[in-house]
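Worksheet for the structure shown next.
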């Protein structure tokens, strides 16, 4: 009887393992389909439209001008080309974030730019703007990273990523050699966002200056 019970237990475990393997295979297939879908969107010209904003040096105003130019060229408003659809937005955002995990930073940058142009008012837009900064930082594009981090507080002032984005902006300014700006940004983080991890890091950095 004990042998029979052990065999039954092993059979159940094998069934669970097979079920888990099937789940993993399905998840891999879904991820692959999301990548392919994103590639099709990028290939169709959605992401390249964000390039002027990404390369601009005038911050928010230049980004708005680039968006207006894009709108004039297509005869459509530059932003919110589709109505809000939380499920679709999350799928698109997750696909872009998966590209970060895959360390494909070039495509991740294109994907987040495309997402922000397509869904500027999405509940995921603040996060997308922050991660665009992180991706550009990983690529070594300090100018684009600084612009992306600055836009988090400019466009989404109530978002919980604002303290982190400001701290990262201070790091970018330090790397660019703009030491006169670093202290002011760090003090802003400490003063306006006390108790956050970003404020603790900012306080530590201020003590080193």
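Just so it is clear, none of the values below were taken in a lab; they were calculated from the coordinates. All values reported here derive from a predicted model rather than from experimental measurement. Using ideal geometry, Cβ is built from the backbone for each residue, glycine included, and neighbour counts are taken over all protein chains shown.
Annotations for the structure displayed:
- Of the helices (runs of 4 or more DSSP H) lying entirely inside the stretch 114-205, the ones with 1 or more residues being free of Cβ contacts under 8 Å to residues at least 24 places away in the same chain and more than 21 Å from the chain's Cα centre (by Cα) are found at 162-175, 179-192.
- Residue satisfying condition, being within 26 Å of residue 208 (Cα to Cα) and crowded, with 16+ Cβ neighbours inside 10 Å, within set 105, 149: 149
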